[in-house]
1. Among the residues of region 328-350, write down those that are among the hydrophobic types (A, V, I, L, M, F, W, C), more than 16 Å from ligand 2 (Cβ to nearest atom) and in contact with an Asp or Glu (Cβ under 8 Å, 6 or more places away or on another chain).
2. Please find, within region 238-250, the residue that is nearest to Arg103 (Cα to Cα) out of those that are at pLDDT below 80 and outside any loop (DSSP other than H, G, I, E, B).
3. Could you give every pair whose Cβ atoms fall below 7 Å, whose first residue belongs to region 367-395 and is modelled with pLDDT of 90 or more, and whose second residue is among the hydroxyl-bearing types (Ser, Thr, Tyr) and in a helix (DSSP H, G or I), counting only separations of at least 6 or pairs across chains?
4. How many of the residues in region 370-391 are surrounded by 11 or more Cβ atoms within 10 Å (Cβ to Cβ) and within 40 Å of the chain's Cα centre (by Cα)?
5. Give the residues of region 237-252 that are touching a residue at least 40 places away in the same chain (Cβ under 8 Å) and either aromatic (Phe, Trp, Tyr) or within 14 Å of ligand 2 (Cβ to nearest atom) (or both), sorted by residue number.
6. Counting only residues that are more than 14 Å from Thr206 (Cα to Cα) and in a helix (DSSP H, G or I), how many does region 267-291 have?
7. Scan Glu17, Glu29 and give me the residue that is on the phi < 0 side of the Ramachandran plot, assigned by TED's automatic domain parsing to the domain that holds Arg99 and outside any helix (DSSP H, G or I).
Amino acid sequence: MFDRYEAGEQAVLVHVEFADENTKEDLLELQLLVSSAGVNAIDVVSGSRQAPHPRYFVGSGKAEEIANAVRTQQADIVIFNHSLSPSQERNLEALCKCRVLDRTGLILDIFAQRARTHEGKLQVELAQLRHISTRLIRGWTHLDKQKGGIGLRGPGESQLETDRRLLRARIKSILRRLEKVQKQREQGRRARIRAEIPTVSLVGYTNAGKSTLFNEMTNAAVYAADQLFATLDPTLRKIQLQDVGSAILADTVGFIRHLPHDLIAAFKATLQETQQANLLLHVVDYSDDQFRENIDQVNDVLQEIDADEIQQLVVCNKIDRMEGVDAKIDRNEEGVPVRVWLSAQQGVGVDLLLQAITECLSENMVRHCLSIPSSKSNLRGVFFEMNCISSESYSEEGNWLVDVCMEESDWLRLIKRVDENLESYVIKH
Ligand SMILES: Nc1nc2c(ncn2[C@@H]2O[C@H](COP(=O)(O)OP(=O)(O)OP(=O)(O)O)[C@@H](O)[C@H]2O)c(=O)[nH]1
Ligand SMILES: [Mg+2]
């Protein structure tokens, strides 16, 4: 249904500074996003305004300047670092005689390129359909004969009604399919919670190095490249940690500033694992001048998705780019690790990170040596399902001797729900 663009298109970027800090967009980030989408930025038109102009977003003089740049540079597309209203987009297209894409459209294109799981793809397509449905209005004829241009193309007027009907039907069918996959995933997640394997989620600003670190930690082949959104769907791997046993490691898609509102659902769908995590590894590119702002942005989103109460370990990445910084663990007054300095790319300090994760996870762990009478054989199944057994043997009387290690909350839950005499089987703490 969508025409995808070909790589190597020539774009004119438009970036406007506003007096109001909240609407300030970062030009450098736009350039990264654009190259991430495989487009060449050949010119940048910038300016400053108090507020967007209703007709062209920019003033009419600036709009002429953009149209001129398109003509002289023979650009195929104009990309705005802001959200445009459908009518602004239309007016600009009529003036520049080429495709105009706003920030939302650009990010959607990148999401679409990177979505890998079935659910991720459905979410992105849904967001795309919704985005284009707001733009399916009369007045697209000026684009009828045009070919090329990235993003979603508007239909001609004659096509309008058919397209509207098709869109509605498609949206409905996607919603139905999404409901189905979500149900399936929910069941999978419940199974994992029952198995009580702790989950560690890598979160952080885009390009911080999450996937690189994920690879280092799992030796798994996950795509890592100097492109934004190299990951859209959480990628899960099981890792083995000393003392704690196995844990699930989850890689997630990077956060960006000013994520357009209509993309938040698609983005959050990629972060569902994060809400369930026992520990968050907040990966930060410390060699980036904006690292503080990036940390705040990530924490804001974590708050929005109710993940701000989860224990966080900050990973100060890319120390190879910083003078005189060695790999190390910073701890708080109680001795709990709070920061780990490392270089994911060079593989320096990854061992310290694994050690810090183990310490954080075992913070709330209890270890018990139990002697369980043979009459309580049901406990055997429960412990196996929880994956909490570190060693086992049998006593001469036929008691099952077992060392278990689990979250304290799980131990208390077992006493309450499975066997209130559990404490009496403990022979050593
Ligand atoms: N110098 C240096 N570069 C690194 C380091 N870790 C990662 N990088 C580079 O940073 C870029 C981004 O790394 P990724 O692992 O893809 O980043 P990400 O956080 O997964 O990015 P998104 O998936 O887009 O959110 C790649 O070019 C990596 O090679 C590091 O320790 N030092
Ligand atoms: Mg990644």
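1. Our first condition is that a residue be among the hydrophobic types (A, V, I, L, M, F, W, C); within region 328-350, this holds for 329, 336, 338, 340-342, 344, 348, 350.
From what is left, the residues that are more than 16 Å from ligand 2 (Cβ to nearest atom) are 329, 336, 338, 340-342, 348, 350.
Once the filter is applied, which keeps residues that are among the hydrophobic types (A, V, I, L, M, F, W, C), more than 16 Å from ligand 2 (Cβ to nearest atom) and in contact with an Asp or Glu (Cβ under 8 Å, 6 or more places away or on another chain), region 328-350 yields Val336, Val338, Val340, Trp341, Val348, Val350.
2. Initial filter on region 238-250 (at pLDDT below 80): 238, 242-246.
From what's left, outside any loop (DSSP other than H, G, I, E, B): 238, 245-246.
Numbers: Lys238: 36, Gly245: 44, Ser246: 41 Å.
Out of the qualifying residues, it is Lys238.
3. Short answer, once both residue conditions are applied: Leu370/Tyr425; Ser371/Tyr425; Ile372/Tyr425.
4. Residues flagged as surrounded by 11 or more Cβ atoms within 10 Å (Cβ to Cβ) and within 40 Å of the chain's Cα centre (by Cα) within region 370-391 amount to 11.
5. If the condition is that a residue be touching a residue at least 40 places away in the same chain (Cβ under 8 Å) and either aromatic (Phe, Trp, Tyr) or within 14 Å of ligand 2 (Cβ to nearest atom) (or both), then Leu249, Ala250, Asp251, Thr252 are the ones that fit.
6. The qualifying residues number 6.
7. Working: Glu29 fails: outside any helix (DSSP H, G or I).
None of the others qualify; the one that does is Glu17.
Rundown of residues vs (1) surrounded by fewer than 21 Cβ atoms within 10 Å (Cβ to Cβ); (2) at pLDDT 75 or above; (3) of a type in the set (D, E, K, R), yes/no style:
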position: Thr252; (1), (2), (3): no, yes, no
position: His261; (1), (2), (3): yes, no, no
position: Ala266; (1), (2), (3): no, no, no
position: Ala269; (1), (2), (3): no, no, no
position: Val284; (1), (2), (3): no, yes, no
position: Gln290; (1), (2), (3): yes, yes, no
position: Glu304; (1), (2), (3): yes, yes, yes
position: Asp308; (1), (2), (3): yes, yes, yes
position: Met322; (1), (2), (3): yes, yes, no
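The values are calculated or read from the model by the stated rules, or taken from the named source; none is laboratory data. Since the model is a prediction, treat every value here as computed from it, not as a measurement. All Cβ positions, glycine included, derive from the backbone under ideal geometry; neighbour counts span all protein chains shown.
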